[in-house]
Each structure stands twice: as C-alpha cells, then as structure tokens.
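The values are calculated or read from the model by the stated rules, or taken from the named source; none is laboratory data. Just so it is clear, the structure is predicted and the values come from calculations on it, not from any experiment. Counting neighbours? That spans all protein chains shown, and the Cβs are built from the backbone with ideal geometry, glycine included. Just so you know, the surface numbers come from the protein's heavy atoms only, side chains and all, with ligands and any DNA or RNA stripped out. Shrake-Rupley method; radii C 1.70, N 1.55, O 1.52, S 1.80 Å.
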Amino acid sequence: SKAVLVLDDGRSVILDTPDKTEIREEDGTVIRKAERKLDYSSQEENSEADRQLFNTVRIPRGAEYDLVLSDSTRVFLNAMSEFRYPVQFTGETREVELKGEAYFEVSRSGSPFIVTTGRVNVEVLGTEFNINAYGDTEKIITTLVKGKVRVAATGTQGEGRLLQPEEQAVYSLHDGNIEVEKVDVSLFTSWKDGEFIFYDTRLEDIMTTLTRWYSADVFYMNPSVKDLRFGGTLDKYGDIGHILDIIKATNKVTVEVNGTAIVFREKI
C-alpha cells in the first residue's frame, strides 16, 4: 500500500521509495522526502507568493505516513486517512483538514492551530492530541495527551468543550452532543507507536480498527457476536492470523478464514 501526495497543481506523487529525495511545488517550494515522511519545515517563507498553496496526502489501507509541516508541527497519519494542509501557513490561524485519523504534535506559535473534520473543529495553541474522524463511524473522537484543546461543532465559534490532559471528547454525528470523560490515552494513541491496544472492546469495533490496516472483509453470522468484548495488546506489524488465534483461544467465538474473508460465528 502506497501513500499519495497530491500537489496544488493536481500532480500526484506516489510516496513509495525509501531514498531521500526532493519534491518541488509550482512556486519553487522544496518538500523533503524520506522514508514514510514529508518535511516542509526547512523551506524559507515566500512572502511574494500570490496565493496560498495546498497539498493533500491520501493514505490507503495498510499504510501510514508522517508529516512535518512548515511550522514544525508533526502529524502522524493513520491508514485510510486524507489530510489537506497549506504548503506554508499564512494569516492569523493555522488551519488543516482531516478525514480519518491522525496524531498531532503541534508546535507553539502565536497563532491558533485548527483541525477541521467537517463537523468538528479542534483548536489548539501547542499540544499533543489524537483525532479519530473516520467516515464509517457515528462519532468524532478527540483524545488529549498534553496541553489544552477546545472541541466545538463547526460554526459554533467560541463554544464547545475545553479538554484537559487525559480527557476525551466524543462528538455524536447523530445528535451533535459532545461528551467528555477521563480515559487511558494509550488506548487511542498506540497505533502511531506500532501497537493496537484494546480494553473491554467490542469485537466489531476491534475488527473495524484492524481492517483499516489489514486487507480483509469481516462477516458476522450471528449479530450477538459483534458485542463480545476482548482486551489485549497486539503488534501492528504482525500477521493477522496470530491475532485471530488469540480471539479464537478465548473459546467465545469460532473463527474461519477463507482468503481475505474472516467469518465469526457464535460458539456452540
């Protein structure tokens, strides 16, 4: 699986080679490229640019990528995500757009950093946090590791909920409510460090997470199987067969694998 960079002029660059290279934007901006990483931080600010240029990175299933933005903010992009951002930040705010999941280490600056997910805006000044905003779920989850962030529905400037470290805001796409609770942040950020950590998690939710990384289709022959709960720490880069063996060993459910299809049945 290969990540793709879409430049401002529409050109697409496949990000698949480990060698250090440079990609040049239409205004002359040089983007440094290393293995699984793009770096915009070393460029000089172009004060004569007639307009702001934007890039987009698209991450397919089974891939991941890191970015260092022009302000030195670091962004870790998870599988099946899309991220749009300016080549250089200008103006009074630093604004980016996310579909999917990303972990942010925001550099401190005099201007607010705003992540837009379509339905929710997350505003920060300098912090570390994770946003899960995949389109196949009914919620947008913001988990704060360090600093402070404000989570608000789009169009409600100055409102929303202010998070403290180790708090999580869950925005419901169904009714627009935001619920805040204390959480173990490692359960929601471990993906960027090469692990999946689950605690008392529904089987359906576990498999939704895993199949963004592994190429597999999941079928549940009994609806009740979806609500079975499991916990554990899994190597993100391991074989999915090992993970399925762990689930099978609990003796709660039968697991069949047929090609890329995984079938769960109620244990009789």
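Entry remark, region 142-169: residues being open to solvent by 30 Å² or more (accessible area, probe 1.4 Å) and either more than 20 Å from Leu125 (Cα to Cα) or of a type in the set (Val, Ile, Thr) (or both) number 3 in total. Note on region 68-95: residues that are surrounded by 21 or more Cβ atoms within 10 Å (Cβ to Cβ), more than 12 Å from the chain's Cα centre (by Cα) and of a type in the set (A, V, I, L, M) total 2. The set of residues in region 235-254 that are open to solvent by 20 Å² or more (accessible area, probe 1.4 Å) and not in a loop (DSSP other than H, G, I, E, B) comprises Asp235, Ile240, Gly241, His242, Asp245, Ile246, Lys248, Ala249, Thr254.
So, Phe196, is that one in a strand (DSSP E or B) and under 20 Å from Ile59 (Cα atoms) or not?
Yes; evaluated as a whole, the condition is true for this residue.
When Arg108 is tested against (1) surrounded by fewer than 18 Cβ atoms within 10 Å (Cβ to Cβ); (2) part of a strand (DSSP E or B), just one condition goes unmet, and that condition is (2). Of all the criteria given as (1) of a type outside the set (S, T, N, Q); (2) over 15 Å from the mean Cα position of the chain (by Cα); (3) within 30 Å of Glu35 (Cβ to Cβ), the one not satisfied by Arg150 is (3). Comparison of Asn121, Asn132 shows that the only residue that is surrounded by fewer than 22 Cβ atoms within 10 Å (Cβ to Cβ) and either touching a residue at least 24 places away in the same chain (Cβ under 8 Å) or more than 15 Å from Gly160 (Cβ to Cβ) (or both) is Asn121.
Close contacts from region 176-194, counting a first residue that is within 14 Å of Leu234 (Cβ to Cβ) and a second that is open to solvent by 50 Å² or more (accessible area, probe 1.4 Å), with Cβ to Cβ under 6 Å and a gap of 6+ residues or different chains, come to Leu187/Tyr199.
None of Thr201, Thr211 is buried (at least 16 other Cβ atoms within 10 Å of the Cβ), more than 15 Å from the chain's Cα centre (by Cα) and hydroxyl-bearing (Ser, Thr, Tyr) except Thr201.
Just one of the listed residues (Ser224, Ser172) is open to solvent by less than 40 Å² (accessible area, probe 1.4 Å) and polar (S, T, N, Q), and it is Ser172. Checking every residue in region 211-224 against the condition of being modelled with pLDDT under 95, among the small types (Gly, Ala, Ser), out of contact with any Ser or Thr (no Cβ under 9 Å at 6 or more places or on another chain) and assigned to a strand (DSSP E or B) gives zero matches. Would a scan of region 229-243 turn up a residue that is among the basic types (Lys, Arg) and without any contact (Cβ under 8 Å) to a residue 40 or more places away in the chain? Yes: region 229-243 contains one or more residues that are among the basic types (Lys, Arg) and without any contact (Cβ under 8 Å) to a residue 40 or more places away in the chain.
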